[in-house]
1. So what is the orientation-averaged projected area of the range 4-98, using the convex hull of its C-alpha atoms, in nm²?
2. Among 189-199, 99-109, 241-251, how do they line up from the highest to the lowest mean number of other beta-carbon atoms within 10 Å?
3. If each DSSP helix of 4+ residues adds -39,500 (n - 2.57) and the sum is divided by the residues in the chain, what number results at 222 nm, nearest 500 deg cm²/dmol?
4. Among the listed pairs Lys93/Lys156; Lys166/Lys440; Lys99/Lys282; Lys108/Lys435; Lys215/Lys330, which are separated by more than 30 Å between their Cα atoms?
5. If we count other beta carbons within 10 Å of each Cβ, what is the order of Glu204, Glu443, fewest first?
6. Could you work out, for the chain, what percent of all Cα-Cα pairs fall into each 20 Å distance bin, beginning at 0 Å and stopping at the bin that holds the largest distance?
7. Per Stokes-Einstein, at 25 °C and 0.890 mPa s, what whole-number D in µm² s⁻¹ belongs to the range 312-455, with the Kirkwood radius over Cα pairs as the hydrodynamic radius?
8. Going by alpha carbons, how many degrees (0 to 90, nearest 10) lie between the helix axis of 364-376 and the longest principal axis of the chain?
Amino acid sequence: MDSILSIFKIGVGPSSSHTIGPILAANRFCELIAPNLEQVERIVVTLHGSLCLTGKGHLTDVACLIGLNNVTAKDVTPNIKTKILKDVFDDKKINLCGKKFINFNYKKDMIFNPKMLTFHENGLIFEAFSSNGEIINSHTYYSTGGGFVSSEDEIKNGKFSNQIEKELQFDFDSAARLAELCKVHNKNIAQIALMREAEIHGEEYVKNYCLEIYKAMIECYENGINSTERTLPGGIGINRLAPAIKKRLEANPKEDLDPLAVIDYMAMYARAIAEENASGGKVVTAPTNGACGVVPAVMLYTKNHRFYMDDAKVIDFLLTCCAIGYLYKKNASISGAEAGCQAEIGAASSMAAAGMALVSGATTQQVLSAAEIAMEHHLGLTCDPVGGLVQIPCIERNVLGAIKAVSAAKLALEGGYTPHVTLDEVIITMYKTGKDMNPKYKETSLGGLAQMVSC
Ligand code: SF4
């Protein structure tokens, strides 16, 4: 089993599956070749499937270079990235594992191959060669969404590198089991999530982790809202809008006049974070980078427009999100390349709806209904990013995902609401829908808006 906390990871934009995952895969390859590092004189990286088709726009190639320097997604800074790119593109070198400079010819050593590998749409292969061209190590990894990475063996055997081997008293693998635990122990979902994770890490660690995640989310929001960058990178000319929305709202706070003005605030919160992600800034997967604006936007809405959230409420909100996100990761997918945008923005909206419902005092059934409603109305959502970037439709989709999460929480909290679809049912439906989806609509940029809109 996994720690559910890993639904939230601090890393860099623009994509968890295409940026954070490949950094981690390259870090793992560094570990693998460490004993033979002295002999390695050449590294070849091959990006397959969606990592090839949208890898340039999602900076997958850059991510691999960062990871091969043994720099983690959490630790990378703009200066470190600039230095790595200078090494590669100006000096044609890479500081392999951060320990040894070898030649690196980007054109020959970074290969883009659209062929999908067997186990997942996001495959990548690292190969290490000696000076006489003999292969020393070769390993295939799959970036399975949300910054998670698995090797071929791990996928085949259903065992993952970050799995925890011990039996957990408060473990759950379905919403039904989660609800049963809540009932038996007279706890809410956040408390069960805390008890589960405390068995692994201890309670203090779990609480501190949540607060660290919250701090990183707010820092990301502040960076986005105060950014002086006018246009996002990538060449399709999308302007950063969050700073301008902030100025307008500060000059004319019209919440009292326009009953829907809160939508402007939601747009500001979600855009600020999604724009920061699109620009390659530091973000938190929630559950992915592409969808990173939804959960924090709903938290900011709750805190700034509904009621005060102290640290305890922040922890409850995030642990509820973790529990719901974990169900998607375990029983379906949080990868746009595997199941379309319903698996990213849909899952994020579902998590946020549950978090908001819980801190608003909902019953366990109402929290699960909020999560269900949010996903039900994202079913079928495709992933067709224009120019292979995480900008159109992604940035506005974060805004709409957040608004839908608030609506779902409110619908579920309505007295007399009777659920007819369970969260478990909608999660499986989402996954089956994703598996039936034409690959053109699963983060390949071969269909939909990506083909319609010229950039
Ligand atoms: S369309 Fe959705 S799933 Fe695809 S890259 Fe954008 S946010 Fe991610």
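Every read-out reported here was derived from the displayed coordinates using simple, explicitly stated rules and does not represent laboratory data. If you're wondering where the values come from, they're calculated on a predicted model, not measured in any experiment. Heads up, the Cβs are rebuilt from the backbone with ideal geometry, glycines too, and the neighbour counts pull from every protein chain shown.
1. 6.7 nm²
2. Going from most to least packed, we get 189-199, 241-251, 99-109.
3. -15000 deg cm²/dmol
4. The pairs that break the limit, which is 30 Å between Cα atoms, are Lys93/Lys156; Lys166/Lys440; Lys108/Lys435.
5. Lowest to highest Cβ neighbour count: Glu204, Glu443.
6. In whole percents, the pair-distance histogram is 27, 57, 16, 1.
7. The estimated diffusion coefficient comes to 162 µm²/s.
8. That works out to roughly 60 degrees.
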